[in-house]
Amino acid sequence: MDRAVYLDYAASTPLDPRVKRVVSEALDTGGNPSSVHAPGRQARRAVEEARQGLADLLGVEASTVVFTSGATESNNLALSGALRAVLIRKPESRPEPLRVLTTPLEHPSVRETLQALSAVHDMEIDLLPTDGQGRVRAEAVTEMVTERTFLVSVMWVNNVLG
């Protein structure tokens, strides 16, 4: 066989050669995007161009695109931010206890973040049923959502099951 086939996409994927080229160029520049010197300004331009490109692709404002170090930080930020957005409401307009729907198959970074948040806030975590292939029926979500549900967190593709 001339070429190996990489099949372990559970935690990592091979780097696209185009991405490798751009990242290598950025690393060669060496500028801190928060610095005011020329390499820093060049790095800031590259970050903002990437942000705008993603925003255009997603059809959102560039100011809403946030870069993180990876999936765990992204999940933590999204879940904590969703809860924070609910908590800043006036208490009288907020149903309690708050409720999150998720599945038993979520990535540990989701499960553990939700558990940590529920330990310090009045929040329940309810698990949606999944079938033998890890799928969630839309009807199950509809049936379980209540006025206290502020978030439904379900992964689109499972990192283990595919």
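For the pair residue 21 and residue 142, what calculated FRET efficiency results from E = 1/(1 + (r/R0)^6), where r is the Cβ-Cβ distance and R0 = 35 Å, to the nearest 0.05? Intermediate values should be presented prior to the final figure.
Working: r = 46 Å, r/R0 = 1.31.
Here the calculated transfer efficiency is 0.15.
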Of the candidates 85, 68, 9, the farthest towards the positive dipole end of the chain (Lys/Arg Cβ +1, Asp/Glu Cβ -1, centred on the Cα centre) is 68
Taking only C-alpha pairs under 8 Å that are 6+ residues apart, what is the relative contact order of the stretch 17-64 in percent?
20 percent
In sequence order, what are the phi-derived ³J(HN,Hα) couplings for the stretch 59-64 according to the Karplus relation 6.51 cos²θ - 1.76 cosθ + 1.60 with θ = phi - 60°, rounded to whole Hz, with x for glycine and proline?
x, 10, 6, 4, 5, 8
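Dipole magnitude of the chain about its Cα centre, charges +1 at Lys/Arg Cβ and -1 at Asp/Glu Cβ only, in debye to the nearest 20?
Numbers: 17 positive and 21 negative charges, 93 e Å.
The dipole magnitude comes to about 440 debye.
Over the stretch 90-153, what is the mean sequence separation of C-alpha contacts under 8 Å (at least six apart), divided by residue count, expressed as relative contact order in percent? Walk me through the numbers on the way to the answer.
Details: 71 pairs, mean separation 31.3, N = 64.
For the stretch 90-153, the relative contact order is 49 percent.
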So what J values fall out for the stretch 36-51 if you push phi through Karplus, 6.51 cos²θ - 1.76 cosθ + 1.60 with θ = phi - 60°, rounded to Hz, Gly and Pro as x?
8, 6, 4, x, x, 5, 5, 5, 4, 4, 4, 5, 5, 5, 5, 4
Report relative contact order for the chain in percent, whole number only (criteria: Cα-Cα under 8 Å, sequence separation at least 6).
19 percent
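Cα gyration tensor of the chain, axes a ≥ b ≥ c as square roots of the eigenvalues: rounded (a/c below 1.5), prolate (a/b > b/c) or oblate? Working shown, then result.
Details: a/c = 2.69, a/b = 1.42, b/c = 1.89.
Oblate.
Rounded to the nearest 500 deg cm²/dmol, what is the calculated helix-only ellipticity per residue at 222 nm for the chain, with -39500 (n - 2.57) per DSSP H run of length n ≥ 4? Mind dumping the intermediate values first?
On the way: 5 runs with 71 residues, N = 162.
Mean residue ellipticity at 222 nm (helix-derived): -14000 deg cm²/dmol.
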Under 5 Å between amide H atoms, partner at least 5 residues away or on a different chain: which partners does residue 153 have, H built in plane at 1.01 Å?
101, 102
By how many degrees, between 0 and 90 and to the nearest 10, does the Cα long axis of helix 108-120 differ from the longest principal axis of the chain?
50 degrees
Running a GNM on the chain with Cα contacts under 10 Å, which residue among 58, 127, 105 ends up with the highest mean-square fluctuation?
58
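Given charges of +1 on the Cβ of Lys and Arg and -1 on the Cβ of Asp and Glu, with all other atoms neutral, how large is the dipole of the stretch 17-64 about its Cα centre, in debye to the nearest 20?
Using Cβ point charges on Lys, Arg, Asp and Glu, the stretch 17-64 gives about 160 debye.
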Tilt relative to the chain, helix 71-87 - C-alpha long axis, 0 to 90 degrees, to 10:
50 degrees
Under a GNM of the chain (C-alpha, springs under 10 Å), which listed residue has the highest mean-square fluctuation: 146, 29, 72?
29
Output wanted: per-residue J couplings in Hz (rounded whole) for the stretch 16-32, from phi through Karplus 6.51 cos²θ - 1.76 cosθ + 1.60, θ = phi - 60°, x for Gly and Pro.
4, x, 5, 5, 4, 4, 5, 5, 4, 4, 5, 5, 5, 5, x, x, 8
Cα-projected label distance for residue 96 with residue 38, points at 7 Å along beta-carbon direction, nm:
5.8 nm
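Values in this text are rule-based calculations from the coordinates and carry no lab data. The shown structure was predicted, so the numbers you read here are calculated from the model rather than taken from an experiment. Neighbour counts run over all protein chains shown; Cβ positions are idealised from the backbone, glycine included.
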